[in-house]
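Asker: I have a structure here, written as structure tokens, and I will follow up with some questions on it.
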Amino acid sequence: MRCLALKARIRSAVESAIQEGSEHFICGMAEGCDLYFCEIVLALKQRYPHITLEAALPCPTQADRWSAAARARYHALLEQCDYETMVAERYSPGCMQRRNRYMVDHASLLIAAHDGLPGGTRNTIEYALRRGVSVVDIPL
């Protein structure tokens, strides 16, 4: 139930962004909310065929340690994206943050599902605010 409500809030935020003129969306393709976002944008492409989706990947091995089912989902979604950007040739301790900064640096709006705790999402929100990027913060 909680997951369905979260997906509905993400969908609402994406659809509002489309109605306000956003046409290109970038997804970090991490497990959890990122993949929800990806699925939602892909579904909305049926209604709004002019929108595009870019997968911003931190490194080629992002999904290597995920379960077989999660890897299959990831690759199936990745195949449906319009663009793919790899921000690092191999894993490094900073490649996730580099991916997040890439997304913010190429955005006018950040849609983030955040639990309020310190970490990558919070750092990305703070970076976006410093860069003057509008933030839609969807509480978890």
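Asker: So which of Ala56, Ala43, Ala107 is under 21 Å from Ile18 (Cβ atoms) and in contact (Cβ under 8 Å) with a residue 60 or more places away in the chain?
Answerer: Ala107
Asker: Right, here's the next one. Report every pair of residues separated by at least 6 positions or lying on different chains whose Cβ atoms are under 7 Å apart, first residue within the stretch 111-124 and among the hydroxyl-bearing types (Ser, Thr, Tyr), second buried (at least 17 other Cβ atoms within 10 Å of the Cβ) and in a helix (DSSP H, G or I).
Answerer: Here the result reads Thr124/Asn100; Thr124/Val104, each pair linking the stretch 111-124 to a residue that is buried (at least 17 other Cβ atoms within 10 Å of the Cβ) and in a helix (DSSP H, G or I).
Asker: Among the residues of the stretch 87-105, is there at least one that is more than 24 Å from Asp137 (Cα to Cα), touching a strand residue (DSSP E or B) at 6+ places or on another chain (Cβ under 9 Å) and either modelled with pLDDT of 95 or more or surrounded by 12 or more Cβ atoms within 10 Å (Cβ to Cβ) (or both)? Talk me through it step by step, then tell me what you get.
Answerer: Here is the first cut: in the stretch 87-105, the ones more than 24 Å from Asp137 (Cα to Cα) are 87-93.
From the residues that got through so far, the ones that are touching a strand residue (DSSP E or B) at 6+ places or on another chain (Cβ under 9 Å) too are 87-88.
Imposing the further condition that a residue be either modelled with pLDDT of 95 or more or surrounded by 12 or more Cβ atoms within 10 Å (Cβ to Cβ) (or both) reduces the set to 87-88.
Among the residues of the stretch 87-105, at least one is more than 24 Å from Asp137 (Cα to Cα), touching a strand residue (DSSP E or B) at 6+ places or on another chain (Cβ under 9 Å) and either modelled with pLDDT of 95 or more or surrounded by 12 or more Cβ atoms within 10 Å (Cβ to Cβ) (or both), which makes the answer yes.
Asker: Please enumerate the residues belonging to the stretch 114-140 that are of a type in the set (A, V, I, L, M, F, W, C), touching a Leu at 6+ places or on another chain (Cβ under 6 Å) and either surrounded by fewer than 13 Cβ atoms within 10 Å (Cβ to Cβ) or assigned to a strand (DSSP E or B) (or both).
Answerer: Of everything in the stretch 114-140, just one residue is of a type in the set (A, V, I, L, M, F, W, C), touching a Leu at 6+ places or on another chain (Cβ under 6 Å) and either surrounded by fewer than 13 Cβ atoms within 10 Å (Cβ to Cβ) or assigned to a strand (DSSP E or B) (or both), namely Val135.
Asker: Additional query: Taking Val41 as meeting all but one of (1) out of contact with any Cys (no Cβ under 6 Å at 6 or more places or on another chain); (2) surrounded by fewer than 19 Cβ atoms within 10 Å (Cβ to Cβ), write down the number of the exception.
Answerer: (2)
The values are calculated or read from the model by the stated rules, or taken from the named source; none is laboratory data. Quantities reported herein were computed from a predicted structural model and do not represent experimental measurements. Reconstructed Cβ throughout: ideal geometry from the backbone, glycine too, with neighbour counts over all protein chains shown.
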